[in-house]
Amino acid sequence: MQKFNNLDNFKCECGSKFEVILPEFLKTVSALISTFPPADVPSLIAHYLPGLVGCPDLLTPEQRSLNGLDYQKHEVFLCPNDKFSVLAVVWPAGIYSPIHDHKTWCTFGVVEGEIRETIYEENKSENGDVTAVSSMDHRVGSIAHMSINESNIHCMHNPGTDPAVTIHVYGGNFKKIGANVNKIYATHT
């Protein structure tokens, strides 16, 4: 993913205005998807996501919940015409996602905690393994995005001792797409 910005101490004076901010954000995302080529949409959404992730009452207690040791995805919004999905992802302390790429574009922001993202490059060998090429720490307020027109192999990790919470805006209907994972990769040893 490409890092858009890191707003370490970004806070929104949302309070009770959250009921207005989420619908405005959703309208904006829908307009961006309808107006711009798909390759441009993730970086454009990244301009608007800080206002959403900075709201203290962004998620319900259920959308912040964990059941078990794996990360949990919670629906925040599902576009009725399948253009995009907004999910809250709760990451237990120490958890790693598999190394994977996505079927669609994605923009994400950190609501709580820290997420370390490691970017990989596919090796030219026939076995399809990958090698880490960079790593970024995304803290509260950080926004990153991934286009469908670039390599997007990565792994997400919560290096902290407390759960982390992220908001992801994905292209398409996550219920129809499923995990939105194109492929799981092995690392180069």
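Read the figures in this text as sums done on the coordinates, not as results from a lab. If you're wondering where the values come from, they're calculated on a predicted model, not measured in any experiment. Here the Cβ positions follow ideal geometry from the backbone for every residue, glycine too, while neighbour counts run over all protein chains shown.
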| task | Run the quick spin-label model on residue 134 and residue 184: label points 7 Å from Cα toward the beta carbon, then report their separation in nm to one decimal. | result | 2.7 nm
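Give me the extension gain from residue 30 to residue 161: residue separation times 0.36 nm, minus the current Cα-Cα distance, reported in nm with one decimal. Each step should come with its number before you reach the end.
Numbers: separation 131, 0.36 × 131 = 47.16 nm, distance 3.62 nm.
Taking 0.36 nm per residue and subtracting the Cα distance, the gain is 43.5 nm.
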| remark: For the chain, longest principal axis from Cα atoms; helix 41-53 axis from its Cα atoms; angle between them, nearest 10 degrees, is 50 degrees
| note | GNM on the chain, Cα springs under 10 Å; top mean-square fluctuation among 59, 69, 87 goes to 69
| request: Report the calculated FRET efficiency for residue 39 and residue 122 (r = Cβ-Cβ distance, R0 = 22 Å), to the nearest 0.05. | output: 0.65
| Among 68, 160, 94, residue whose mean-square fluctuation peaks in a GNM of the chain (springs only between Cα atoms under 10 Å) | 68
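Using square roots of five times the C-alpha gyration tensor eigenvalues, list the equivalent-ellipsoid semi-axes of region 88-154 in whole Å, biggest first. Please list the in-between numbers first.
Values: eigenvalues 106, 39, 22 Å².
After scaling each eigenvalue by five and taking roots: 23, 14, 10 Å.
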| task | Sticking to Cα atoms, compute the Rg of region 123-175 to one decimal and its Dmax as the biggest Cα-Cα distance, whole number, in Å. | result | 14.3, 39
| note | Among 166, 131, 107, the residue with the largest mean-square fluctuation in a Gaussian network model of the chain built from Cα contacts under 10 Å is 131
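Loop-only check: which trypsin sites (Lys or Arg not before Pro) in region 75-131 are DSSP coil with at most 12 other Cβ within 10 angstrom?
Details: sites: 83, 103, 116, 124; in loops: 83, 103, 124.
Here the sparse-neighbourhood loop sites are 124.
Output the relative contact order of the chain, whole-number percent, from Cα pairs under 8 angstrom with separation of 6+ residues.
Values: 426 pairs, mean separation 57.2, N = 189.
It comes to 30 percent, rounded to a whole number.
222 nm [θ] for the chain, helices only, -39500 (n - 2.57) per DSSP H run of 4+, per residue, to 500?
Details: 3 runs with 35 residues, N = 189.
Computed ellipticity for the chain at 222 nm equals -5500 deg cm²/dmol.
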